[in-house]
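Chemist: What follows is a single structure, and I will ask about it in a moment.
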């Protein structure tokens, strides 16, 4: 029986750990802090394959959506609505490849997407993707952690920053922040924005486009909104308990990263997000902030996932992607098979770390 250590308490790490344990491995999951305490805890968690992606990436994302539909809990598939520059071209691309898409007029929006103010929609209309949705990632991570323990695995949270231990060109375990070493036949590194730095410590270069992220959560609000909205000034969706969560590119750009590694968020940034969200909702409801999360958003240098073994480091596997929500379940499943020696998955062939060497 293989002994596997998974490092990272986000959806990618916990998904991989749960799949490994359910397939017979002895699994220890190590997290620097708590579960879903980093990117998975502040993600809009939009489930989609709406972009102009290469075929292999589009296919993997579609499989990711299918896994969520099979899961059936902690998810909502009530569609996604977008408008703004380039959206009409996106609709034409989606129609050409068979991705479910509808072009809606303002009147159509009023009838089909409750909670949206039709007056906020451009005169040309908006793109509606009926098969899209969102996932409550913190709740899903908790569920996967319970699945891991039920299958005989172990979860150790708050162990500090971890690093792979090397012997003769391969990993033999992981050293936790307190110096304790957990032995392993294989290690899965899924520490989000920390992945490129951890690999650099092993002499492996991974191009990194990681940026700052800010997710604002409102107090409960009376709105019938069920879809995910992506508009030029704000992206938002419903959340459990009647809240809304939201982010935007402009608000992320206003985050201040301090020299000590922390972050500052201006009150005006949060207020601006709330204002932009209210402006696209029917009735222009008054929104108040309940909380916000700020930190780093993991993004590989070319924007596409990095999944699979690390060249030149025996036994080490990596999961590093911006699309952790959409890919969380399928990536964990496929990585588990590879770690347990089932051979390279053709579905992951386009997402290897080796592509950057070429």
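The values are calculated or read from the model by the stated rules, or taken from the named source; none is laboratory data. Everything quoted here is computed from the prediction, not taken from an experiment. Quick reminder, even Gly has a Cβ in these numbers, built from the backbone with ideal geometry, and neighbours come from all protein chains shown.
Chemist: Got a number for residues in the stretch 81-115 being under 14 Å from residue 232 (Cβ atoms) and either surrounded by 16 or more Cβ atoms within 10 Å (Cβ to Cβ) or in contact with a strand residue (DSSP E or B) (Cβ under 9 Å, 6 or more places away or on another chain) (or both)?
Modeler: 7
Chemist: For the structure I just gave you, tell me whether residue 63 is crowded, with 16+ Cβ neighbours inside 10 Å, part of a helix (DSSP H, G or I) and under 20 Å from the mean Cα position of the chain (by Cα).
Modeler: So residue 63 passes the test.
Chemist: Identify the residue in the stretch 235-251 that is in contact (Cβ under 8 Å) with a residue 12 or more places away in the chain, part of a helix (DSSP H, G or I) and within 30 Å of residue 73 (Cα to Cα) and, among all such residues, is nearest to the chain's Cα centre (by Cα).
Modeler: 240
Chemist: Can you tell me which condition residue 232 does not meet? The list is (1) over 20 Å from the mean Cα position of the chain (by Cα); (2) surrounded by 14 or more Cβ atoms within 10 Å (Cβ to Cβ); (3) in a helix (DSSP H, G or I), and all the others hold.
Modeler: With (1) over 20 Å from the mean Cα position of the chain (by Cα); (2) surrounded by 14 or more Cβ atoms within 10 Å (Cβ to Cβ); (3) in a helix (DSSP H, G or I) applied to residue 232, the lone miss is (3).
Chemist: Hey, which of the strands (runs of 3 or more DSSP E) in the stretch 96-154, taking only ones fully inside, have at least 1 residues that are touching a helix residue (DSSP H, G or I) at 6+ places or on another chain (Cβ under 9 Å) and closer than 21 Å to residue 38 by Cβ?
Modeler: 133-135
Chemist: In addition: Mind listing whichever residues of the stretch 125-171 are more than 30 Å from residue 202 (Cβ to Cβ) and without any contact (Cβ under 8 Å) to a residue 40 or more places away in the chain?
Modeler: 146, 150
Chemist: Could you check how many residues of the stretch 1-27 are in contact with a helix residue (DSSP H, G or I) (Cβ under 8 Å, 6 or more places away or on another chain) and over 30 Å from residue 79 (Cβ atoms)?
Modeler: Within the stretch 1-27, residues that are in contact with a helix residue (DSSP H, G or I) (Cβ under 8 Å, 6 or more places away or on another chain) and over 30 Å from residue 79 (Cβ atoms) number 13.
Chemist: Could you list, in sequence order, all residues of the stretch 240-273 that are more than 20 Å from residue 122 (Cα to Cα) and buried (at least 20 other Cβ atoms within 10 Å of the Cβ)?
Modeler: 244, 245, 246, 247, 251, 269
Chemist: I've got another one for you. Filter the stretch 1-60 for residues that are in contact (Cβ under 8 Å) with a residue 40 or more places away in the chain, in a helix (DSSP H, G or I) and over 27 Å from residue 252 (Cβ atoms) and give the result.
Modeler: Across the stretch 1-60, the qualifying residues are 16, 17, 18, 19, 20, 21, 22, 56, 59.
Chemist: For residue 271, indicate whether it is assigned by TED's automatic domain parsing to the domain that holds residue 125 and either in contact (Cβ under 8 Å) with a residue 40 or more places away in the chain or in a loop (DSSP other than H, G, I, E, B) (or both).
Modeler: no
So that you can scan it fast, the table gives a plain yes or no per residue for (1) under 26 Å from the mean Cα position of the chain (by Cα); (2) surrounded by fewer than 21 Cβ atoms within 10 Å (Cβ to Cβ):
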residue: 126; (1), (2): yes, no
residue: 135; (1), (2): yes, no
residue: 154; (1), (2): yes, yes
residue: 160; (1), (2): yes, yes
residue: 168; (1), (2): no, yes
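Chemist: Out of the residues in the stretch 332-351 meeting the condition of being in contact with a helix residue (DSSP H, G or I) (Cβ under 7 Å, 6 or more places away or on another chain) and over 18 Å from residue 153 (Cβ atoms), tell me which one is surrounded by the fewest Cβ atoms within 10 Å (Cβ to Cβ).
Modeler: It comes out as 344.
Chemist: With the checklist (1) buried (at least 19 other Cβ atoms within 10 Å of the Cβ); (2) free of Cβ contacts under 8 Å to residues at least 60 places away in the same chain; (3) closer than 30 Å to residue 243 by Cα in hand, flag the one item residue 325 doesn't pass.
Modeler: (2)
Chemist: Give the residues of the stretch 200-223 that are more than 29 Å from residue 354 (Cβ to Cβ), in contact with a strand residue (DSSP E or B) (Cβ under 9 Å, 6 or more places away or on another chain) and assigned to a loop (DSSP other than H, G, I, E, B), sorted by residue number.
Modeler: Within the stretch 200-223, 219, 220, 221, 223 meet the criteria.
Chemist: Spot the failing condition for residue 182; the list is (1) modelled with pLDDT under 95; (2) under 24 Å from residue 18 (Cβ atoms); (3) part of a strand (DSSP E or B), and only one is missed.
Modeler: Evaluating residue 182 over (1) modelled with pLDDT under 95; (2) under 24 Å from residue 18 (Cβ atoms); (3) part of a strand (DSSP E or B) leaves (1) as the failure.
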